[in-house]
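Data block below; observations after.
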Amino acid sequence: MGKSTDSAVELGIERAAAIIRASKGLIAFTGAGISVESGVKPFRGEGGIWEETDMGLLEIGRFNADPAASWAAIRELFYGSGPGGRRPEPNAAHRVLARWEAEGRLAYLVTQNIDGLHSAAGSRKVAEFHGSTRELVCRRCGARVPVTEEALMGGLLGSLPPRCADCGGVLKPDFVFFGEGIPSAAYEAAFSAAASADACVVVGSTGVVYPAAQVPIVAKRSGAAVIEIDPGDTEFSASITDVHIKLGASEALSRIDELLHR
Ligand SMILES: [Zn+2]
């Protein structure tokens, strides 16, 4: 893929850079589209996880009733499935957002993604709205178990369901299952950041999953300019978007970043 030189795209990138340069409270809101280039499959849409996997396996009631069955799917989907299963790594888009935080340009980042790639890229001020795959939580005692390369090699997911070393309870991934609520700390951090934002860059979110999709809407209502980065039209495009850059996440963010550092 060569660089797009479309003039609407060019103009969008320039307007986005101007908004970001002038902003005193920029937040970012990211969805599956930012991780596609890292090889993370989206849940929805063409080629998405739900085309080939039974969504019911990620319902909390079903997990509680038969954790081994849910875990077989979870291990396959999120933790590699064996020697060939490589774990995804952050791409240029994750790295640009981490750099903007380090440079003091980005006040806060809210992600719908559970892949942990923003943290892996170095972002620290992150609300993981739907939790993440990076830790497991004991259903009985609440102990938290980090999912490291070493732990996986050591057989953490060797027999299913994995169990707590302290109490023998079933371990569940620390992401939000169907039928579970949004973690309250992430929820409050996300909406408080949105309410005080003066600009919001939305990357790769279709805007169909609630309440997450309410975050950029609250930012907009609070007076924020909304920059959207997505190759296609989304629920946000015709409603709250001020500047829509129709490119993939890495290319768009890298090109804005270039202008900011010129
Ligand atoms: Zn326990």
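For the reader, a short list of remarks on this structure follows.
- Screening Val137 with (1) of a type outside the set (Asp, Glu); (2) touching a residue at least 12 places away in the same chain (Cβ under 8 Å); (3) part of a loop (DSSP other than H, G, I, E, B); (4) within 16 Å of the ligand (Cβ to nearest atom) gives one miss only, at (3).
- Complete set of residues in segment 155-185 that are within 16 Å of the ligand (Cβ to nearest atom) and within 19 Å of Met55 (Cα to Cα): Pro161, Lys172, Pro173, Asp174
- Between Arg99, Arg124, Arg95, the distinction of being away from the ligand (no atom under 16 Å from the Cβ), at negative phi, at pLDDT 95 or above and not in a helix (DSSP H, G or I) belongs to Arg124 only.
- Test: Gly39 is in contact with a Pro (Cβ under 6 Å, 6 or more places away or on another chain) and surrounded by fewer than 20 Cβ atoms within 10 Å (Cβ to Cβ): yes
- Test: residue in segment 109-119 that is in the same structural domain as Ile60 (by TED's automatic domain parsing), under 24 Å from Gly31 (Cα atoms), touching a residue at least 24 places away in the same chain (Cβ under 8 Å) and buried (at least 18 other Cβ atoms within 10 Å of the Cβ): no
- Hits in segment 208-222 - residues which are farther than 10 Å from Gln112 by Cβ and assigned to a loop (DSSP other than H, G, I, E, B): Val208, Tyr210, Pro211, Ser222
- Per this entry, Gly142 is counted among residues that are assigned by TED's automatic domain parsing to the domain that holds Ala65 and within 16 Å of the ligand (Cβ to nearest atom).
- Among the residues of segment 140-151, those identified as surrounded by fewer than 17 Cβ atoms within 10 Å (Cβ to Cβ), outside any loop (DSSP other than H, G, I, E, B) and not charged (D, E, K, R) are Pro146, Ala151.
For (1) more than 30 Å from Arg75 (Cα to Cα); (2) without any contact (Cβ under 8 Å) to a residue 24 or more places away in the chain, each residue gets a yes or a no:
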| residue | (1), (2) |
| --- | --- |
| Ala213 | no, yes |
| Lys220 | yes, yes |
| Leu253 | yes, no |
| Asp257 | yes, no |
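- Within segment 31-54, the set of residues being polar (S, T, N, Q) and within 15 Å of Pro231 (Cβ to Cβ) comprises Ser35 only.
- Selection from segment 176-203 of residues that are within 30 Å of Lys246 (Cα to Cα) and among the aromatic types (Phe, Trp, Tyr): Tyr187, Phe191
- Test result for Val170, in contact with a strand residue (DSSP E or B) (Cβ under 9 Å, 6 or more places away or on another chain) and assigned by TED's automatic domain parsing to the domain that holds Ala194: no
- Filter result (over 22 Å from Val110 (Cβ atoms) and surrounded by 20 or more Cβ atoms within 10 Å (Cβ to Cβ)) within segment 13-26: Ile13
Listed here are the residues, each with its yes/no results for (1) within 27 Å of Glu37 (Cβ to Cβ); (2) surrounded by fewer than 22 Cβ atoms within 10 Å (Cβ to Cβ); (3) assigned by TED's automatic domain parsing to the domain that holds Cys167.
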position: Glu59; (1), (2), (3): no, yes, yes
position: Ala65; (1), (2), (3): no, yes, yes
position: Ala69; (1), (2), (3): no, yes, yes
position: Leu77; (1), (2), (3): yes, yes, yes
position: Arg124; (1), (2), (3): yes, yes, no
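The values are calculated or read from the model by the stated rules, or taken from the named source; none is laboratory data. Predicted model, so just to flag it, every value in this text is computed and none were measured. Here the Cβ is made from the backbone with ideal geometry for all residues, glycine too, and neighbour counts use every protein chain on show.
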